[in-house]
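The values are calculated or read from the model by the stated rules, or taken from the named source; none is laboratory data. Worth saying up front: this structure is predicted, and the values here are computed from it rather than measured. Cβ placement follows ideal geometry from the backbone for every residue including glycine, while neighbour counts extend to all protein chains displayed.
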Amino acid sequence: MRAPVAAVTYLVEDNATIRENLIPTLHDLSNCRVVGFAEGEHDASEWLDGHNGWDLAVVDLFLKDGSGLGVLKGCDQRQPHQRVVILTNYCTVDIRARCMALGADAVFDKSTELDGFFNFCNAPKDTPM
């Protein structure tokens, strides 16, 4: 049996400590290969728009410039296999609803829902969460 192909993952996170911990953890606990990152909305949107080969974008809400909501809005024309997940410390009911309305595939709280986040990353793309 062949191992599944790693999901090409792009991280949008401006906190260097979180990035430095999340990238190897994604590799170790999920079938994700982080190919790059951005600290702000503009750079993230430019990269995601310019590359068709990504499978998963992991996006924080608060960035050095702009916001994760702007990144999410910019992904509205993504391919069906491309998933966008919001991973934030500001995970209110209203924020969840707003992110889902903008097309997020899932929203997770960094502080309390990392197990759910990694389960999502490991789930087949057509599995509802």
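Of these, 48, 61, which one is touching a Phe, Trp or Tyr at 6+ places or on another chain (Cβ under 7 Å), farther than 21 Å from residue 17 by Cβ and aliphatic (A, V, I, L, M)?
Numbers: 61 fails: farther than 21 Å from residue 17 by Cβ.
When all the criteria are applied, what remains is 48.
Go through (1) modelled with pLDDT of 95 or more; (2) over 18 Å from residue 109 (Cβ atoms) for residue 31 and report which single condition fails.
The failed condition is (1).
Which of the residues belonging to segment 61-77 are more than 11 Å from residue 13 (Cα to Cα), modelled with pLDDT of 95 or more and either in contact with a Leu (Cβ under 9 Å, 6 or more places away or on another chain) or buried (at least 23 other Cβ atoms within 10 Å of the Cβ) (or both)?
69, 70, 71, 72, 73, 74, 75
For residue 58, state whether it is within 18 Å of residue 106 (Cβ to Cβ) and either at pLDDT below 95 or in a strand (DSSP E or B) (or both). Spell out how you get there, then give the answer.
Values: within 18 Å of residue 106 (Cβ to Cβ): yes; either at pLDDT below 95 or in a strand (DSSP E or B) (or both): yes.
Taking the combined requirement at face value, the residue satisfies it.
Within segment 90-99, work out how many residues are surrounded by 14 or more Cβ atoms within 10 Å (Cβ to Cβ) and assigned to a helix (DSSP H, G or I).
Residues meeting the conditions: 4.
How many residues does segment 1-53 contain that are part of a strand (DSSP E or B) and without any contact (Cβ under 8 Å) to a residue 40 or more places away in the chain? Talk me through it step by step, then tell me what you get.
Keep residues of segment 1-53 that are part of a strand (DSSP E or B), which gives 7-12, 32-38.
Filter once more, keeping what is without any contact (Cβ under 8 Å) to a residue 40 or more places away in the chain: 33-38.
Qualifying residue count, segment 1-53: 6.
Filtering segment 75-89 down to residues that are assigned to a loop (DSSP other than H, G, I, E, B) and polar (S, T, N, Q), which residue is farthest from residue 105 (Cα to Cα)?
Taking segment 75-89 and keeping what is assigned to a loop (DSSP other than H, G, I, E, B), we get 75-82, 89.
Checking which are polar (S, T, N, Q) leaves us with 77, 79, 82, 89.
Details: 77: 14, 79: 13, 82: 9, 89: 17 Å.
For segment 75-89, the residue satisfying everything is 89.
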